[in-house]
Amino acid sequence: MKKRKVIEWHPAFEASIQIEFENEIDKMTFEPEHLLSKLPMRIDELVIKLRDDEKIEKNIGRIFRKHNIIEYKSPEDNLTINDFYKVYGYCCFYQSDTEHVCEIRPEELTITFICNHYPKKMIHHLKEFQKFQIKPIEPGIYYIFGDAIPMQLIITKELDKEKNQWLCSLRNDITDKVEIENLVKRYEEKKNSKLYQAAMEAITRANWEAIKEVKSSMCEALKELMAEEFQEMREQVTEQVTEQVTEQVTKQVTEQLTEQFIMNAYASTGDTRKVSDLLKIPVEIVEKTVAAHEI
């Protein structure tokens with residue numbers, strides 16, 4: 001049996017859609033196979049509940065359903081209007097990128113935005129354009145109502161320091177002495193955990209001066225954590241000192257050799273201007289050198 005040739009419909013569609021608009025073609029551009037992103041699409045964090053019937057008690061996870069998409073912004077970054085639509089799009093793509101239709105049910109999805117600064121422009125847009133409602137649930141946690149997909153906004157610096165100590169500490173402006181001492185104490189209890197090490201390393205680097213001031217005699221746990229950075233600092237200092245010493249020695253040797261050449265040339269010629277021309281050195285330097293040796 002003769003194999004049936006596969007019909008390539010997409011190129012035909014690309015041609016046909018432009019034919020449909022041929023009388024107004026100068027008003028538009030057409031981009032077949034337009035890439036949605038220069039980089040691979042990646043969700044910052046995907047949290048999947050293992051059992052549907054179990055509720056999450058933690059305050060930042062009470063909204064969670066089966067599949068939970070989380071977008072995180074660092075303390076230096078802002079959550080923008082574009083970020084909202086990007087993450088919402090990721091959520092829709094995640095639901096649709098499955099082998100079977102509705103393998104992930106839309107009602108099983110949630111979206112969480114986490115950032116350090118309250119995104120005023122994004123919230124204003126959601127209220128005015130999308131007609132969403134934003135309601136504070138507890139310090140640092142806001143629910144976004146008005147869409148079929150449950151959404152929440154978490155502002156890390158507003159979170160309760162007892163309930164959410166580690167998320168709350170993910171910032172670069174910690175100044176409270178008690179907060180730092182509690183954080184270091186909690187870390188000392190969990191210092192063998194890779195999770196605590198990763199979190200504490202970033203927090204310490206971001207708030208180094210404040211932590212150093214409060215903890216002048218740093219605990220052994222933090223010394224171990226920052227050992228690599230201390231070593232790097234020592235190497236940089238050693239390199240700088242070596243460069244300075246080398247530069248100073250080179251300068252001294254150069255000056256000594258120059259002085260010697262001047263005096264040898266002057267002994268042969270007896271004329272400072274001839275020495276200047278011979279060695280390509282300003283006559284003032286030659287005269288100063290000769291005068292110093294004649295004293």
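The values are calculated or read from the model by the stated rules, or taken from the named source; none is laboratory data. Note that the coordinates shown come from a computational prediction; the quantities given were computed from them, not determined experimentally. Here Cβ is always computed from backbone atoms with ideal geometry, including for glycine, and neighbour counts include all displayed protein chains. To get the accessible areas, we keep the full protein, side chains included, count just its heavy atoms, and leave off ligands, DNA and RNA. Shrake-Rupley method; radii C 1.70, N 1.55, O 1.52, S 1.80 Å.
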(Q) Anything in region 142-166 that is in contact with a helix residue (DSSP H, G or I) (Cβ under 7 Å, 6 or more places away or on another chain), farther than 25 Å from Arg105 by Cβ and open to solvent by less than 40 Å² (accessible area, probe 1.4 Å)? List them, or say none. (A) Thr156, Leu159, Asn164, Gln165
Q: Working carefully through the options Phe84, Phe129, Phe93, Phe113, find the one that is aromatic (Phe, Trp, Tyr), over 22 Å from Thr156 (Cα atoms) and touching a residue at least 12 places away in the same chain (Cβ under 8 Å).
A: Phe93
Q. Given the conditions (1) over 30 Å from Thr204 (Cα atoms); (2) within 28 Å of the chain's Cα centre (by Cα); (3) in a helix (DSSP H, G or I), and given that Thr110 satisfies all but one, which numbered condition is not satisfied?
A. (3)
**Q.** Filtered residues of region 126-140 (kept if within 14 Å of Pro150 (Cβ to Cβ) and either part of a loop (DSSP other than H, G, I, E, B) or of a type in the set (S, T, N, Q) (or both))
**A.** Phe132, Gln133
Q: Specify the residue that is farthest from Asn68 (Cα to Cα); the eligible residues are those in region 14-44 that are open to solvent by less than 100 Å² (accessible area, probe 1.4 Å) and under 34 Å from the mean Cα position of the chain (by Cα).
A: Pro32
Q: Scan (1) out of contact with any Cys (no Cβ under 6 Å at 6 or more places or on another chain); (2) of a type in the set (D, E, K, R); (3) modelled with pLDDT under 95 for the single condition Lys121 breaks and write down its number.
A: (3)
Q | Extreme residue, farthest from the chain's Cα centre (by Cα), among residues of region 45-73 that are under 20 Å from Lys86 (Cβ atoms) and acidic (Asp, Glu) | A | Glu45
